[in-house]
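> To start, I am sharing the structure in question, which I have written as structure tokens.
Read the figures in this text as sums done on the coordinates, not as results from a lab. It should be emphasised that the depicted structure is a prediction, and the values quoted were computed from it without experimental measurement. Note that each Cβ is placed from the backbone with ideal geometry, even for glycine, and that neighbours are counted across all protein chains shown.
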């Protein structure tokens, strides 16, 4: 099964236009584990990105992580899509560039085992569903649009689908979803509360469209099981990132454990990682 990572650097430059581009060490290490374990257990993986990200990985000598190649196609993201409000828009543009069936996987998400038994006969699977909490998933009145977008045909009771890991098996529905999400982002007026707008476009709209179109939407896991004790299929670092930023000792321990795992299981791939200045201390 072909999978892809995404790195769209525009949101970072929009927030910090004068800062040099860099990926945090823990993110680079989880990206490496995510790519290498996907290749070992499930198939090929590509990095779909913009030219800035492609040049960055090339400078670090890390392009070999992706056996499907590095594809710098995201320079063409519509300039009418606000990169601060829609920081994950690159995922939707990247998905539109891929051929279904495919798997979209975040760079902080690791799949440890073979998933082939899951997607047999399923058109759409995400890692888990989410509750409709008003603070994150408000009703239609919360969205301010400067051009028409059909919100009325959607069922606002449908639970959103988390897309940190998502399998798209139906090409027609995948295209419909990408087009609708991009249309929404183009139609949205600039918003202070970017979280609700982004997760609507990426996660809630996906589930709503699947329900409207009669496309079955399944889950690999659920929230409790994903973060429960004894679960050995998936690791999602998302909620741990801020803790590592706040606690250097915690970050150091995490990075060292990643480096040990990489050296043990992927010694050939670990070599270029160990030569990256920001990562070298963890490989000693």
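> Along the Cα→Cβ direction, 7 angstrom out, place labels at residue 240 and residue 133. What is the inter-label distance in nm?
Each label point lies 7 Å from its Cα, and together they span 2.0 nm.
> Continuing with this model, one more query. How do the peptides 247-256, 61-70 rank, highest first, by the average count of neighbouring beta carbon atoms within 10 Å per residue?
61-70, 247-256
> Does segment 56-191 come out rounded, prolate or oblate, given a ≥ b ≥ c as the square roots of the eigenvalues of its C-alpha gyration tensor, rounded meaning a/c under 1.5 and, failing that, prolate meaning a/b above b/c?
oblate
> Next up: Give the dimensionless ratio obtained when the Cα radius of gyration of the chain is divided by 2.2 N^0.38 Å.
Normalised by 2.2 N^0.38 Å, the Cα Rg of the chain equals 0.99.
> Now for a separate question. Which length gain, in nm to one decimal place, applies between residue 278 and residue 260 when the Cα-Cα distance is subtracted from 0.36 nm times their residue separation? Please report the intermediate quantities before stating the final value.
Numbers: separation 18, 0.36 × 18 = 6.48 nm, distance 1.57 nm.
Full extension from residue 278 to residue 260 adds 4.9 nm.
> Then there is this: Based on the Kirkwood radius over alpha-carbon pairs, what value in µm²/s does the Stokes-Einstein equation return for the translational diffusion coefficient of segment 106-167 at 25 °C and 0.890 mPa s?
So the translational diffusion coefficient is about 169 µm²/s.
> Additional query: Just to be sure I understand: with springs between alpha-carbon atoms less than 10 Å apart, which residue in 48, 81, 215 has the highest mean-square fluctuation in the Gaussian network model of the chain?
Comparing 48, 81, 215 in the GNM, the peak value goes to 215.
> Taking springs between alpha-carbon atoms closer than 10 angstrom, which of 47, 263, 198 fluctuates most in the Gaussian network model of the chain?
263
> Give me the tail of P(r) for segment 241-284 as a percent: Cα-Cα pairs with distance above 12 Å. Don't skip to the answer; put the middle values down first.
On the way: 561 of 946 pairs.
Value for segment 241-284 (Cα pairs over 12 Å): 59 percent.
> Students often check this: by mean Cβ neighbours within 10 Å, which of 163-176, 146-159 ranks highest, and how do the rest follow?
On the way: 163-176: 19.6, 146-159: 12.4.
Final packing ranking: 163-176, 146-159.
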